[in-house]
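We did not get these values from a lab; they are worked out from the coordinates using the rules stated. Since the model is a prediction, treat every value here as computed from it, not as a measurement. Heads up, the Cβs are rebuilt from the backbone with ideal geometry, glycines too, and the neighbour counts pull from every protein chain shown.
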Amino acid sequence: AYVVKLWFLSLGGWTSNPFLSHISILLESRYTKVLVDAGEGAYVALKMCTPYDINDLDYIVITHRHGDHILGIPTLLQYSKRLGMKLKVIGLADIYEAIVDLLRGAGVPNHIEFIDFISIKEGSEVILKDTRLSAIKARHPIPALSLRFEVNDKCITYSGDTQPNPDLAIFAKDCDVLIHEASADDEYSEDAHTHGHS
């Protein structure tokens with residue numbers, strides 16, 4: 001059987017319990033390891049929750065440029081620099097700009113040379129070794145993506161931050177797993193939807 005593993009490294013959002021940390025998930029297939037979003041603490045979570053390190057990652061896919069999805073990038077780059085390797089980061093074009101600004105603000109602008117950035121757009125599709133990555137537009141105040149990973153006969157859809165989105169239901173159809181961000185209890189759903197969350 002073809003096995004796909006999901007390692008839930010961190011599950012928290014911007015204002016969630018600090019013990020959950022910011023969102024980061026590792027998708028592992030036979031030939032590919034993809035880090036999906038890299039919230040603050042992603043490197044520590046990778047080391048604590050999996051047998052892997054930076055040099056085991058094939059790609060990092062970022063859904064959008066908000067801090068709880070990219071603040072782990074400077075630390076990941078620090079370790080990739082130490083290993084003399086580049087990280088393949090995939091996302092919308094504005095994510096690259098946000099990472100440049102983040103590194104400049106952290107005082108390490110030269111670390112950008114350790115990123116091979118692959119720009120994707122909504123509606124695009126990229127082959128990552130044995131994994132097909134598709135992306136659609138999420139309903140969020142800034143440009144953001146929902147992602148679909150297809151590996152052989154397995155399918156995982158990841159929503160990231162989004163308001164309820166009928167397009168996501170169609171996008172995730174026939175998938176084995178849907179990982180859907182949820183930021184608020186039902187009693188706060190109207191406020192969550194107003195700010196591009198579920």
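Spit out the partnerless Cys residues in the chain, using Cβ distances under 4.7 Å as the pairing rule.
Those would be Cys49, since no other cysteine Cβ in the chain comes under 4.7 Å of theirs.
Evaluate the relative contact order of the chain (contact order divided by residue number), counting alpha-carbon pairs under 8 angstrom at least 6 apart; express in whole percent. Working shown, then result.
On the way: 425 pairs, mean separation 27.1, N = 198.
Rounded, it is 14 percent for the chain.
From the helices alone, meaning DSSP H stretches of at least four residues, give me the mean residue ellipticity at 222 nm for the chain, per-run term -39500 (n - 2.57), in deg cm²/dmol to the nearest 500. All intermediate terms of the calculation are to be shown ahead of the outcome.
Working: 6 runs with 48 residues, N = 198.
So the calculated ellipticity at 222 nm is -6500 deg cm²/dmol.
Take segment 106-173, drop everything but the C-alpha atoms, weight them equally and run the Debye formula without solvent; then report log10 I(q)/I(0) at 0.24 Å⁻¹ to two decimals.
So the normalised log intensities are -1.03.
For the peptides 127-136, 70-79, what is the packing order when you average, over each peptide's residues, the other Cβ atoms within 10 Å and list the highest mean first? Each step should come with its number before you reach the end.
Working: 127-136: 18.3, 70-79: 21.4.
My ranking of the peptides, most packed first, is 70-79, 127-136.
What are the extents of the Cα atoms of the chain along their three principal axes, listed from largest to smallest and rounded to whole Å?
45, 42, 31 Å, listed from the longest principal axis down.
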